[in-house]
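Since the structure comes first, as structure tokens, the remarks are kept for the end.
The values are calculated or read from the model by the stated rules, or taken from the named source; none is laboratory data. Worth saying up front: this structure is predicted, and the values here are computed from it rather than measured. Methodologically, a virtual Cβ is constructed for each residue, glycine included, from the backbone with ideal geometry; neighbour enumeration extends over all protein chains shown.
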Amino acid sequence: MKKRLLAIVLCLMMLSTMLAGCSKDAQTSGKGGKKIGVAMPTKDLQRWNQDGENMKKELEEAGYKVDLQYANNEIAQQVSQIENMITGGCDALVIASIDGGSLGTVLEEAKKAKIPVIAYDRLIMGTDAVSYYATFDNYMVGTIQGQYIVDQLDLENAAGPFNIELFTGSPDDNNARYFFGGAMDILNPYIDSGKLNVVSGQKAFEEVATLNWSTEEAQKRMENLLTAYYADGTKLDVVLSSNDSCAIGITNALVNGGYTSENFPILTGQDCDITSVKNILAGTQSMSIFKDTRTLAAQVVKMVNSIMKGEEVPINDTETYDNGTGIVPTYLCEPVFADVDNYKELLIDSGYYTEDQLK
Ligand code: BGC
């Protein structure tokens with residue numbers, strides 16, 4: 001008995017020495033108290049809260065101080081937050097922009113102060129102050145959504161025609177064109193052959209874009225489409241939505257318009273926001289793209305570390321993302337889709353959500 005007690009005490013002592021060592025490593029791993037500014041667009045959407053928290057946690061674990069700011073989707077607020085980060089002496093900036101085209105002037109200051117800038121998830125346009133870009137493969141997000149629709153309707157074999165409406169995201173977000181472009185590259189051949197029928201005729205990016213990715217705007221547009229084109233009983237079979245915040249508005253409109261889980265149109269999304277995953281389980285959304293924010297945060301921390309140490313920065317794409325001043329070296333993470341068949345493995349077994357959060 002005494003021996004066992006002694007063994008336990010010894011184990012605990014070893015463990016505490018190890019833990020002390022770890023945290024000391026984290027504090028002094030050569031970062032010398034360097035400070036990283038992290039600018040996020042808004043707290044309104046679940047994903048950005050997760051992105052921000054993950055970035056802060058990962059950077060602090062790596063020994064950095066972190067100045068994390070959310071900008072309420074207000075461009076001027078984000079600009080002033082970045083200004084403060086620059087004057088406050090940040091050593092690097094990680095920015096998920098609200099409007100990718102509005103940061104040129106403030107980032108000139110970063111460039112003068114030799115502060116490297118990583119564009120997080122959304123590319124920052126029209127300035128050569130951006131050093132790197134890290135994101136999920138945005139074009140692939142769209143192709144996965146398009147292919148999901150093709151597979152669910154068995155468009156290769158089915159005669160159709162199936163009625164479809166299209167929704168994408170904010171025109172000031174460079175990602176939106178990649179999402180929409182990827183999806184349409186898959187869907188256009190079926191639209192051209194008549195198997196898919198865009199009943200409203202609204203197919204151009206500008207016609208189907210949703211300012212600020214707003215749930216309310218998407219809901220309004222879906223309601224208008226139902227009134228204008230489907231009031232005579234025409235059945236809507238599919239809605240392409242580039243993300244979850246739009247899909248949630250579309251679901252609201254469809255449910256108000258009388259669709260139930262029994263006859264619900266196929267509806268795509270992106271982000272695996274909790275509301276959308278619940279809708280997937282209830283049969284009022286079909287799928288969402290899973291972009292594990294932990295993966296992106298970890299990748300960006302690797303980039304920050306390499307930049308700070310003057311080492312080669314991990315990138316895997318030097319062709320796709322031209323921000324108007326040239327190609328920005330990029331690291332692309334791979335997105336996957338989640339639906340009712342695989343959500344458990346992807347979202348729960350991986351520890352992203354608990355079962356309770358989805359109830
Ligand atoms: C992100 C999406 C997100 C959307 C709205 C895009 O830039 O890539 O994940 O759904 O913004 O916040």
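Quick rundown of the values:
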{"read-out": "Pick from segment 37-60, criterion more than 13 Å from the ligand (Cβ to nearest atom) and among the basic types (Lys, Arg), ranking: surrounded by the fewest Cβ atoms within 10 Å (Cβ to Cβ)", "value": "57"}
{"read-out": "Any hit, segment 90-108, residues being part of a loop (DSSP other than H, G, I, E, B), in contact with a Leu (Cβ under 8 Å, 6 or more places away or on another chain) and of a type in the set (Ser, Thr, Tyr)", "value": "yes"}
{"read-out": "Filter result for the condition that a residue is farther than 19 Å from residue 174 by Cα and in contact with a Pro (Cβ under 8 Å, 6 or more places away or on another chain), over 226, 254", "value": "254"}
{"read-out": "Qualifying residue in segment 149-167 (condition: within 16 Å of the ligand (Cβ to nearest atom) and closer than 23 Å to residue 317 by Cβ)", "value": "no"}
{"read-out": "Pairs where the first residue, in segment 148-176, is over 20 Å from residue 219 (Cβ atoms) and the second is small (Gly, Ala, Ser) and within 16 Å of the ligand (Cβ to nearest atom), C-beta under 6 Å, 6+ apart", "value": "174/100"}
{"read-out": "Which listed residue, of 160, 100, is among the small types (Gly, Ala, Ser) and within 18 Å of residue 328 (Cβ to Cβ)", "value": "100"}
{"read-out": "Selection count where residues are over 17 Å from residue 270 (Cα atoms), out of contact with any Leu (no Cβ under 9 Å at 6 or more places or on another chain) and among the aliphatic types (A, V, I, L, M), scope segment 187-218", "value": "2"}
{"read-out": "Segment 133-169, subset modelled with pLDDT of 95 or more and among the small types (Gly, Ala, Ser), residue surrounded by the fewest Cβ atoms within 10 Å (Cβ to Cβ)", "value": "158"}
{"read-out": "Of residues in segment 329-352 being free of Cβ contacts under 8 Å to residues at least 12 places away in the same chain and assigned to a loop (DSSP other than H, G, I, E, B), the one surrounded by the most Cβ atoms within 10 Å (Cβ to Cβ)", "value": "342"}
{"read-out": "Residues that are surrounded by fewer than 24 Cβ atoms within 10 Å (Cβ to Cβ) and not hydrophobic (A, V, I, L, M, F, W, C), drawn from segment 250-270", "value": "252, 256, 257, 258, 259, 260, 261, 262, 263, 265"}
{"read-out": "Count - residues of segment 290-299 that are part of a helix (DSSP H, G or I) and either more than 29 Å from residue 342 (Cα to Cα) or within 14 Å of the ligand (Cβ to nearest atom) (or both)", "value": "4"}
{"read-out": "Qualifying residue in segment 14-21 (condition: assigned to a helix (DSSP H, G or I) and at pLDDT 95 or above)", "value": "no"}
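A quick yes/no check of all residues on (1) in a helix (DSSP H, G or I); (2) crowded, with 19+ Cβ neighbours inside 10 Å; (3) more than 16 Å from the ligand (Cβ to nearest atom):
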site: 171; (1), (2), (3): no, no, no
site: 184; (1), (2), (3): yes, yes, yes
site: 197; (1), (2), (3): no, no, yes
site: 202; (1), (2), (3): no, no, yes
site: 220; (1), (2), (3): yes, no, yes
site: 227; (1), (2), (3): yes, no, yes
site: 235; (1), (2), (3): no, no, yes
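Listed here are the residues, each with its yes/no results for (1) over 24 Å from residue 186 (Cβ atoms); (2) out of contact with any Leu (no Cβ under 8 Å at 6 or more places or on another chain); (3) outside any loop (DSSP other than H, G, I, E, B); (4) more than 16 Å from the ligand (Cβ to nearest atom).
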| site | (1), (2), (3), (4) |
| --- | --- |
| 248 | no, yes, yes, no |
| 252 | yes, yes, yes, yes |
| 269 | no, yes, no, no |
| 272 | no, no, no, no |
| 276 | no, yes, yes, no |
| 288 | no, yes, yes, no |
| 302 | yes, yes, yes, yes |
| 311 | yes, yes, no, yes |
